[in-house]
Amino acid sequence: MKAKGWVVLGIIVVALVVALGAFVASHKAEAAVGALNIYAGGATVVRGGTSITGANGTAIDMNDTITVPAGSRASIILKDGTEVRLEGGTTVTVTDSVIELASGKAWSHVSPLAAGATFKVETPTVVATVRGTDFDVSYDGATSDVYVDVHTVWVALNTNPANEVAVSAGNEITIRDATAAADLAAGPHPANPTDDWTIFNTGLNGGGAASTTAPTSTATTPPAPTKTKPAPSKPAPTPTPSSTTAQTVVLKSLTVAAQNDTPTQNDVDPLTVTATYSDGSTANVTSNVTWSLKPALNIIDAESNLHCTFTGLTTITATLQGVTSNALEISVNPQPQQQAPQQQPGTFAP
């Protein structure tokens with residue numbers, strides 16, 4: 001009887017250890033505030049003094065520090081859909097509703113927040129507060145610069161957060177550490193940045209497909225106006241139907257499919273998009289579409305793979321040439337818990 005008692009006790013202990021491990025794992029997943037997305041190069045995540053090599057889908061926890069080396073670009077996608085894009089040479093720390101920018105450039109694409117909620121980016125000198133907008137904050141060790149692309153950002157000094165200055169879209173404010181109070185009092189000024197970082201971010205916000213490199217401007221100088229008044233042209237005759245007229249083929253619909261509609265947490269699920277055209281032909285256009293996820297928690301990488309970091313229902317659509325696909329629902333299931341080993345009969349003496 002005594003041997004049986006120890007066996008039962010051992011089974012209970014093993015079961016408790018397994019259950020505790022599953023509980024800790026599930027609560028760690030819930031503790032994540034977002035996930036990492038790599039546009040180009042790589043990133044490093046420091047958590048509790050331990051350095052982690054970041055990848056698409058790497059969970060970001062509260063108080064994590066993310067460093068993006070020169071030549072790389074990455075972003076943090078928070079659970080509410082807000083995306084904080086980080087240029088090469090940037091280091092930030094994620095705290096409660098605040099992104100602490102130690103150095104570099106952080107462009108925030110902030111989803112509309114609930115009533116009373118705010119989102120902040122802080123440098124060692126200033127704090128920029130928003131409720132849903134697009135803006136860039138940079139800090140080079142001596143100067144903070146806040147540029148607003150959409151809506152309004154309220155900027156204040158860390159030493160006096162109640163004294164805020166409103167910076168509206170198309171303006172920026174530059175505050176030097178040595179003359180911070182005077183620079184804040186001087187207020188914002190009009191700005192129209194055309195650097196690669198701004199072009200990259202405004203391109204993403206405009207619905208273009210995410211690129212690992214900044215697009216180059218293709219603007220050309222308009223031709224000089226001519227002094228000669230052009231002669232009025234006659235209206236073009238209406239073409240008569242002809243069987244030899246070439247038919248214009250247009251995109252009619254898009255269909256999104258996944259390799260697995262019910263993946264497990266931390267799986268990588270390949271996606272494909274098939275286009276159907278007006279002449280009945282079809283084509284795989286996966287690499288050309290713009291993706292949309294609701295909620296924007298999990299990530300689709302440059303190869304159109306869904307990284308299933310967070311559990312729950314995700315709705316995915318694709319857009320190409322103004323045509324939007326079906327809404328594909330992916331249900332990400334939690335990882336199964338390990339079962340306690342079963343006692344084999346006859347293993348122990350009665």
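The residue that is modelled with the highest pLDDT, counting only those in segment 88-125 that are of a type in the set (Ser, Thr, Tyr) and either more than 17 Å from Thr67 (Cα to Cα) or out of contact with any strand residue (DSSP E or B) (no Cβ under 6 Å at 6 or more places or on another chain) (or both), is Thr125. Which residues, taken from segment 187-214, are in a loop (DSSP other than H, G, I, E, B), β-branched (Val, Ile, Thr) and at pLDDT 50 or above? Selection gives Thr194 alone. Residue count for segment 58-106, restricted to those that are among the polar types (S, T, N, Q) and not in a strand (DSSP E or B): 5. Residue check: Asp136 meets all listed conditions (1) out of contact with any Lys or Arg (no Cβ under 8 Å at 6 or more places or on another chain); (2) under 25 Å from Leu204 (Cα atoms) but one, namely (1). With respect to the conditions (1) farther than 20 Å from Asn56 by Cα; (2) surrounded by 15 or more Cβ atoms within 10 Å (Cβ to Cβ), Pro263 lacks only one, and its number is (1).
For segment 129-157, a residue qualifies if it is of a type in the set (A, V, I, L, M, F, W, C) and under 20 Å from the mean Cα position of the chain (by Cα), and the qualifying residues are Val130, Phe135, Val137, Val148, Val150. Taking Ala128 as the residue in question, decide whether it is surrounded by 16 or more Cβ atoms within 10 Å (Cβ to Cβ), modelled with pLDDT under 90 and either hydroxyl-bearing (Ser, Thr, Tyr) or in the same structural domain as Ala181 (by TED's automatic domain parsing) (or both). Yes; evaluated as a whole, the condition is true for this residue. Of the strands (runs of 3 or more DSSP E) lying entirely inside segment 215-324, those carrying at least 3 residues that are within 30 Å of Ala74 (Cβ to Cβ) and modelled with pLDDT of 50 or more are 251-258, 268-277, 290-294, 305-307, 312-320.
The values are calculated or read from the model by the stated rules, or taken from the named source; none is laboratory data. As the structure is a computational prediction, the values presented were derived from the model and not from experiment. For neighbour counting, all protein chains shown are included, and Cβ atoms are generated from backbone atoms with ideal geometry for every residue, glycine included.
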